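The structure appears below as structure tokens.
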Amino acid sequence: MVTLSDVAKEANVSKMTVSRAINHPEQVTPELLALVEKAMAKLDYHPNSIARALVNNRTNVIKFVTLEDIDTTEPYYMNLLFGVARGLKADSYAIQLVTDIDQIQKGNADGYIITGAREYNYPIFNELKKPFIFFGETSSNFDFVDTDNRYGTSVATKYALERGYQDAVFIGIDVKEGFEYAREYGYLASMQERNLKPKIFRTGNHSHLAEKLIDEQIENIKPNTCFICASDRLAIGVCRALSRLNKKLPEDYGVIGFDGVFLDQVSNPQLTTVKQQIFKMGDMLAQLILEKIKQSGSAQGQTYVKPELVVRGTTK
């Protein structure tokens, strides 16, 4: 078995230098770090993650805290968790799922990734003694990673109008949340750029509610209109209503969803959607919380990840 002494001998440095390079790389010069890493690679030496955790007084555990119900019918959170797990794996960190706000500070962890938080939860996070980062934009000055929601609906609206639809209607989610405001804003900005009058409807995030909304409003919405929806669930409900009402997709009406995680692919026809980079954002969350831990809680900033418009059968 290759030991620390073997690595030190190969790199021609002391054991203390090797230990410092492994456990506190920021405390050694780039040249020394390169020497140690080269020796470790040559000898196929892998540091003991448990020993490293003890040296650094860490648990090598990150708590993933979700304060909203996880919908098991969609793999949204599964993709996010896999992304986080992959990002943590490089530093031999484990992930612990917490769904009860009262359990956040019970047990030990080196940091927290938090999603589903509301403003009234913020005082709890201010009491946390370990670093944390949010998944999802916040109204406070906390570090977070989120989809660029404004960009997503802006791109969708512009695409619909460039494809020849004469009008675009926004179907939003009836919640007072930052992501919804941002999605509405992206639509509004694109409509205003073209001097078009915006039309916004809001409903609960369920396909049957979107279907009901279209039933009630279709007589007031002229053909050659594209519906820009704040979620794929809403978009599927819109498609279902249009099909039942014998409206032609994508000729008479277009539909664009938002999420691109699973429902867009099972829709018939398959749904044009704004695809969030969920797995990538999970990986980024892991990297940022680990960096924040290494930097003793230093701010990592607010990161927006641009989504991608995926064109399928519900638009021209």
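The values are calculated or read from the model by the stated rules, or taken from the named source; none is laboratory data. Predicted, not measured: the structure shown is a model, and the values here were computed from it. Cβ: placed from backbone, ideal geometry, glycine included. Neighbour counts: every protein chain shown. Each accessible area value is taken on the protein alone, full model and side chains, heavy atoms only, with ligands, DNA and RNA left out. Shrake-Rupley method; radii C 1.70, N 1.55, O 1.52, S 1.80 Å.
Can you tell me which of Leu209, Leu249, Leu242, Leu234 is under 25 Å from Glu162 (Cβ atoms), surrounded by 14 or more Cβ atoms within 10 Å (Cβ to Cβ) and without any contact (Cβ under 8 Å) to a residue 60 or more places away in the chain?
On the way: Leu209 fails: under 25 Å from Glu162 (Cβ atoms); Leu249 fails: without any contact (Cβ under 8 Å) to a residue 60 or more places away in the chain; Leu234 fails: without any contact (Cβ under 8 Å) to a residue 60 or more places away in the chain.
Exactly one residue qualifies, and that residue is Leu242.
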Run Gly164 past the list (1) free of Cβ contacts under 8 Å to residues at least 12 places away in the same chain; (2) assigned to a loop (DSSP other than H, G, I, E, B) and report the number of the one that doesn't hold.
-> (1)
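Here's a check for you: in the range 167-184, which residue that is charged (D, E, K, R) and not in a strand (DSSP E or B) is nearest to Lys199 (Cα to Cα)?
Of the range 167-184, the ones charged (D, E, K, R) are 167, 174, 176-177, 180, 183-184.
After this cut, where a residue has to be not in a strand (DSSP E or B) as well, the list is 174, 176-177, 180, 183-184.
Working: Asp174: 15, Lys176: 18, Glu177: 19, Glu180: 15, Arg183: 14, Glu184: 10 Å.
Only one residue tops the list, namely Glu184.
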Please identify the pairs in which a residue from the range 103-121 that is within 20 Å of Gly282 (Cα to Cα) has its Cβ atom under 6 Å from the Cβ atom of a residue that is part of a strand (DSSP E or B) and among the hydroxyl-bearing types (Ser, Thr, Tyr), counting only partners at least 6 apart or on another chain.
-> Thr115/Thr66; Gly116/Thr66
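Could you identify the single residue in Gln276, Gln287 that is open to solvent by 30 Å² or more (accessible area, probe 1.4 Å), under 21 Å from the mean Cα position of the chain (by Cα) and touching a residue at least 60 places away in the same chain (Cβ under 8 Å)?
Working: Gln276 fails: open to solvent by 30 Å² or more (accessible area, probe 1.4 Å).
On inspection, the qualifying residue turns out to be Gln287.
So that you can scan it fast, the table gives a plain yes or no per residue for (1) surrounded by 15 or more Cβ atoms within 10 Å (Cβ to Cβ); (2) at pLDDT below 90; (3) touching an Asp or Glu at 6+ places or on another chain (Cβ under 7 Å); (4) in a helix (DSSP H, G or I):
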| position | (1), (2), (3), (4) |
| --- | --- |
| Glu68 | no, yes, no, no |
| Asp71 | no, yes, no, no |
| Tyr77 | yes, yes, no, yes |
| Gly83 | yes, no, yes, yes |
| Gly87 | yes, no, yes, yes |
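Regarding Ile228, is this residue of a type in the set (Val, Ile, Thr), modelled with pLDDT of 95 or more and either open to solvent by 50 Å² or more (accessible area, probe 1.4 Å) or within 23 Å of the chain's Cα centre (by Cα) (or both)? If you could, list the steps in order and put the result at the bottom.
Details: of a type in the set (Val, Ile, Thr): yes; modelled with pLDDT of 95 or more: yes; either open to solvent by 50 Å² or more (accessible area, probe 1.4 Å) or within 23 Å of the chain's Cα centre (by Cα) (or both): yes.
So Ile228 fits the description; yes.
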Output the number of the condition that Glu127 fails; it satisfies all remaining conditions of (1) in contact (Cβ under 8 Å) with a residue 60 or more places away in the chain; (2) under 24 Å from Asn60 (Cβ atoms); (3) surrounded by fewer than 17 Cβ atoms within 10 Å (Cβ to Cβ).
-> (1)
Test Val55 against the stated conditions and say whether it is open to solvent by less than 100 Å² (accessible area, probe 1.4 Å) and modelled with pLDDT of 80 or more.
-> no
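Could you say whether any residue in the range 136-143 is among the small types (Gly, Ala, Ser) and assigned to a helix (DSSP H, G or I)? Explain how you work it out, then say what you get.
In the first step, residues of the range 136-143 are kept if they are among the small types (Gly, Ala, Ser); the result is 136, 139-140.
Checking which are assigned to a helix (DSSP H, G or I) leaves us with none.
Scanning the range 136-143 turns up no residue that is among the small types (Gly, Ala, Ser) and assigned to a helix (DSSP H, G or I).
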Looking at (1) at pLDDT 95 or above; (2) touching an Asp or Glu at 6+ places or on another chain (Cβ under 8 Å); (3) buried (at least 19 other Cβ atoms within 10 Å of the Cβ), which is the only condition Tyr304 fails?
-> (3)
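Return the only residue of Gln27, Gln103, Gln96 being open to solvent by 50 Å² or more (accessible area, probe 1.4 Å) and at pLDDT 85 or above.
On the way: Gln27 fails: at pLDDT 85 or above; Gln103 fails: at pLDDT 85 or above.
After ruling out the rest, the residue left standing is Gln96.
So for the range 179-188 (the condition being without any contact (Cβ under 8 Å) to a residue 60 or more places away in the chain, among the acidic types (Asp, Glu), surrounded by fewer than 19 Cβ atoms within 10 Å (Cβ to Cβ) and over 20 Å from Lys275 (Cβ atoms)), does at least one residue qualify?
So the first thing to find is which residues in the range 179-188 are without any contact (Cβ under 8 Å) to a residue 60 or more places away in the chain, and the list is 179-182, 184-188.
After this cut, where a residue has to be among the acidic types (Asp, Glu) as well, the list is 180, 184.
Right, trim to surrounded by fewer than 19 Cβ atoms within 10 Å (Cβ to Cβ) and you get 180.
Of the ones still in play, those that are also over 20 Å from Lys275 (Cβ atoms) are none.
The answer is no, given that none of the residues of the range 179-188 is without any contact (Cβ under 8 Å) to a residue 60 or more places away in the chain, among the acidic types (Asp, Glu), surrounded by fewer than 19 Cβ atoms within 10 Å (Cβ to Cβ) and over 20 Å from Lys275 (Cβ atoms).
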Which condition does Phe142 not pass, out of (1) within 30 Å of Gln295 (Cβ to Cβ); (2) open to solvent by less than 20 Å² (accessible area, probe 1.4 Å); (3) not aliphatic (A, V, I, L, M), if it passes all the others?
-> (2)
Name the pairs: first residue in the range 30-43 and over 19 Å from Met1 (Cβ atoms), second residue among the small types (Gly, Ala, Ser) and modelled with pLDDT of 85 or more, Cβ to Cβ under 8 Å, at least 6 apart or on different chains?
-> Leu35/Ala11; Lys38/Ala11
